[in-house]
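A quick write-up on the structure given underneath.
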Amino acid sequence: MLQVKRGRNAGDNPGPVVVILLGPPGCGKGTQSRELSRSLGLIHISSGDLLRKVAREDSDLGHTVRTTMNAGELVSDNLVCQMVLARTAQADCQRGVILDGFPRTMDQARFLCPLLPPRQTIVLDLKMSPTVLVERILGRLTCPACGEIYNIHSRPPRRTGTCDRDSALLGRRGDDSEATVRQRLIDYERQIHPLADHFRELNILQEINADVPPAVLSAQLCALVRTAMGFNDKKVSVSSFAQPRETQRSGQ
Ligand code: AMP
């Protein structure tokens with residue numbers, strides 16, 4: 001995956017880019033990844049979606065993954081890393097990928113970092129208040145056919161209970177109960193700090209206030225990635241784009 005063409009000249013194919021979306025469950029990572037994917041032509045890889053596919057299988061592995069996910073716990077690093085790596089190796093990922101939900105642990109980050117294209121990787125860390133998150137997650141509906149995500153509060157389907165794209169019956173995810181959600185938020189906070197610190201050290205982390213309407217957020221993210229990745233024929237490196245640490249901490 002993610003092999004970079006070096007020694008680029010103006011007009012060269014800039015090689016694949018990697019956008020990593022960090023953010024707590026319910027902050028809109030899935031929806032935003034899909035929007036970015038549509039407008040930038042990058043492939044959206046959601047580790048949760050890959051795992052849900054395995055969880056539907058009638059096999060020992062399917063059973064183990066299903067049980068782990070329904071308990072709101074993390075699936076083994078090894079399995080997740082291999083699944084994501086296999087997906088990024090597919091031909092459609094040549095332009096680049098959006099990683100949604102991966103990496104989630106330091107071991108996953110250690111596995112991933114040596115594979116990332118230098119100067120062509122950006123990490124977007126979406127920030128949102130816990131109260132809003134719980135309300136959002138409990139209102140979330142997903143299409144089992146195409147994976148489109150709705151929310152009964154902020155993004156309802158046109159016809160109650162059915163997907164706008166393919167009319168499939170919408171459902172709730174098995175891990176979207178209130179008790180599980182609270183535990184997932186606590187776990188997320190514990191896991192994300194070392195990861196965010198790691199990417200901050202690499203100067204590729206950008207903190208984003210995600211507590212804004214989804215359409216506003218997607219316009220912001222899209223503009224950000226376009227500029228940082230040199231789309232629109234601009235050649236701007238991520239390090240020249242990333243804010244200094246002091247500015248990021250103060251949330252400006
Ligand atoms: P998500 O769709 O990202 O909210 O993930 C749903 C569930 O899938 C999580 O609660 C975990 O059980 C599992 N999962 C997703 N991504 C990962 C990952 N990178 N590492 C371990 N487990 C994961």
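The values are calculated or read from the model by the stated rules, or taken from the named source; none is laboratory data. Just so we're clear, the structure is a prediction, and the values are computed from it rather than from any experiment. Heads up, the Cβs are rebuilt from the backbone with ideal geometry, glycines too, and the neighbour counts pull from every protein chain shown.
Mind checking which residues of region 37-60 are in contact (Cβ under 8 Å) with a residue 12 or more places away in the chain and within 16 Å of the ligand (Cβ to nearest atom)? Hits for region 37-60 are Ser37, His44, Ile45, Ser46, Ser47, Gly48, Asp49, Leu50, Leu51, Arg52, Val54, Ala55. Here is a check on your reading of the model: is Val123 farther than 27 Å from His198 by Cα and either modelled with pLDDT of 95 or more or hydroxyl-bearing (Ser, Thr, Tyr) (or both)? Criteria not met by Val123.
Would you confirm whether or not region 63-73 contains a residue that is within 14 Å of the ligand (Cβ to nearest atom), crowded, with 17+ Cβ neighbours inside 10 Å, part of a helix (DSSP H, G or I) and aliphatic (A, V, I, L, M)? Yes: region 63-73 contains one or more residues that are within 14 Å of the ligand (Cβ to nearest atom), crowded, with 17+ Cβ neighbours inside 10 Å, part of a helix (DSSP H, G or I) and aliphatic (A, V, I, L, M). When residues in region 134-178 are screened for being touching a strand residue (DSSP E or B) at 6+ places or on another chain (Cβ under 7 Å) and either in contact (Cβ under 8 Å) with a residue 40 or more places away in the chain or of a type in the set (D, E, K, R) (or both), 6 of them pass. If you filter region 74-112 down to residues that are of a type in the set (A, V, I, L, M) and within 7 Å of the ligand (Cβ to nearest atom), you find that the one that is modelled with the lowest pLDDT is Leu74.
Of the helices (runs of 4 or more DSSP H) that lie entirely inside region 139-252, those containing 2 or more residues that are modelled with pLDDT of 90 or more and surrounded by 15 or more Cβ atoms within 10 Å (Cβ to Cβ) span 178-201, 214-229.
It is to be established whether one or more residues within region 109-129 are touching a residue at least 40 places away in the same chain (Cβ under 8 Å) and at positive phi. Taking every residue of region 109-129 in turn, at least one turns out to be touching a residue at least 40 places away in the same chain (Cβ under 8 Å) and at positive phi.
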